[in-house]
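The structure under discussion appears below in the form of structure tokens.
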Amino acid sequence: MNVVIIGAGIGGLSAGIALQQLGYSVKIYEKFSSFKLLGAGLTIWRNALLGLRELGIAEAALSDSSMHSLASLRNWDGAYLSDPNAVSLPLPITEVVRVFPRATVQHSLLDQLAPDTVQLGQALETFTQTDTGITATFNTGHTVNCDLLIGADGIHSKVRQQLHPHSTPVYAGYTAWRAIVPFDQAQCVAGETWGPRKRFGMFPIRHDHMYWYATEAAPANEYAANGEKKHLQQSFADWHAPIQDLLAVTPDSAILRNDVYDIAPLKTWGTGNVTLLGDAAHAMTPNLGQGACQAIESAVVLRNTLRDASNVTQALRAYEAKRIKRTTPMIKQCRQIGKMGQWHNPAGVFLRNTLMQSLPAGLQQKQLLKTLDVAF
Ligand SMILES: Cc1cc2nc3c(=O)[nH]c(=O)nc-3n(C[C@H](O)[C@H](O)[C@H](O)COP(=O)(O)OP(=O)(O)OC[C@H]3O[C@@H](n4cnc5c(N)ncnc54)[C@H](O)[C@@H]3O)c2cc1C
């Protein structure tokens, strides 16, 4: 079985490993000519942690995390809206969630692939599918034939565009900034803070570092005239400590800025022996910290569904049905949380905060366990 995967993000790399475990011949085509081991922190929840273990990622590579408790939720003045200690976990925290530099996860996945799996500098332009197979054509003029094509080419997926021309990324109405900085973790409480139209999150990551992120309602592509750091320092000026201290030690060059998008859930993904995986199929806003986790989950489910089936095309439809059922509610839930997080009307903010404070711990636990419960 010759497999072509488009895109060497976390989804494409995970799928590559998963299908090599079945003995398939896999090539991954990536549009960039070098690896962009970019990004800030990445929450890896239990479902993806189990997925990474399924992919054979060594425990040593997954130990680089400093989470000591679940995240708290606070108001911009520092008042607590939820107490993570009230949620009783059936597992140690390190088995529930870990926070890694994104590059750590990418490196671990890359190391697990057979040599020369990834072909860099090849941007897919189009593919054709006939009864005898699939041909992918790249911007370099290179063409390749395969038995199975997986579009893991992210939210702006060319493969999805060709399968579903009407599915386009939807701007969520807010921008996210992220960075990892050396910082005394003892000064920080892991969690997220909500204020009118804005949010700020901080999590311990690696030894003596903090991962922070901020979101703010804004039109897309609105870059700060005086730099993103200055903008954030002004925007979060009166928020609780140590937000200003975290921003102060962050160089402008370390700040990643992304407008936040998702796609409306699709009812079908692929056709014939072409399918989708990761953000190409189920891009969600980052409000549950599950986008990459779901890409990893999809890779393992794809492997297991193909392994247990006698017909590849039918297996792909079964994989899609399973994954659509799992990811559609998450896309919707992420949208809802994102919208609520951007409220600015004082009555709405008061209502939201009261609601969060009165949410029973049992309900929070139930919701969390539902997300983390995975059947590969
Ligand atoms: C602010 C923010 C915070 C987030 N935090 C978290 C978190 O804490 N936890 C979590 O699980 N998720 C998080 N996510 C989501 C996560 O980043 C994504 O869901 C995940 O990276 C998707 O992986 P992917 O491989 O599907 O897509 P991508 O990472 O987008 O990879 C797609 C790859 O395909 C390549 N490509 C694109 N087009 C082509 C083409 N035509 N030909 C060849 N190659 C192509 C791209 O260059 C890229 O390498 C966050 C997202 C954002 C925006």
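The values are calculated or read from the model by the stated rules, or taken from the named source; none is laboratory data. As the structure is a computational prediction, the values presented were derived from the model and not from experiment. Virtual Cβ from ideal backbone geometry, glycine too; neighbours counted across all protein chains shown. Calculation scope for accessible area: heavy atoms of the full protein, side chains included, ligands and nucleic acids excluded. Shrake-Rupley method; radii C 1.70, N 1.55, O 1.52, S 1.80 Å.
Miscellaneous remarks
- If the convex hull is drawn through the Cα atoms of segment 1-58, its volume per residue in Å³: 96
- Note on residue 314 and residue 80: the extension gain reaches 79.3 nm, defined as 0.36 nm multiplied by sequence separation minus the Cα-Cα distance.
- Cα long-axis angle, helix 10-20 against the chain (0 to 90 degrees, to the nearest 10): 40
- Taking θ as phi - 60° and the Karplus parameters 6.51, -1.76 and 1.60, the scalar couplings of segment 229-240 work out to 4, 4, 4, 5, 4, 6, 5, 10, 3, 9, 7, 5 Hz in sequence order, x denoting glycine and proline.
- Measuring r between the beta carbons of residue 61 and residue 32 and using R0 = 22 Å, the FRET efficiency lands at 0.45.
- Rg to Rh, two decimals, where the chain supplies the alpha carbon set and Rh follows Kirkwood: 0.97
- Mean separation of Cα contacts under 8 Å (6+ apart) over length of the chain, as relative contact order %: 23
- Using C-alpha pairs under 8 Å with a sequence gap of at least 6, the mean separation divided by the residue count of segment 113-165 gives a relative contact order of 25 percent.
- Within a straight-line Cα-Cα reach of under 29 Å, residue 158 can be paired with the following lysines, leaving aside sequence neighbours fewer than 8 residues apart in one chain: 27, 31, 36, 267, 322, 325, 332, 339.
- According to the Cα-based calculation, Rg over Rh for segment 126-261 is 1.16, with Rh computed by the Kirkwood formula.
- On a per residue basis, segment 255-324 carries 32 Å² of accessible surface, using protein heavy atoms and a 1.4 Å probe.
- Charge context of residue 223, other residues only, Cβ under 11 angstrom, K/R +1, D/E -1: -2
- Helix axis angle, 361-372 relative to the chain longest principal axis, alpha carbon, degrees: 20
- Sequence-distant contacts, meaning Cα pairs under 8 Å at least 6 residues apart, place the relative contact order of segment 38-121 at 45 percent.
- At full extension, residue 325 and residue 241 could sit 26.2 nm farther apart than now, given 0.36 nm per residue minus the alpha carbon distance.
- 5 angstrom amide H check on residue 99, placed H, neighbours 5+ away: 44, 66, 67
- Scoring 218-225, 151-158, 91-98 by mean Cβ neighbours within 10 Å over their residues and listing the highest first yields 151-158, 91-98, 218-225.
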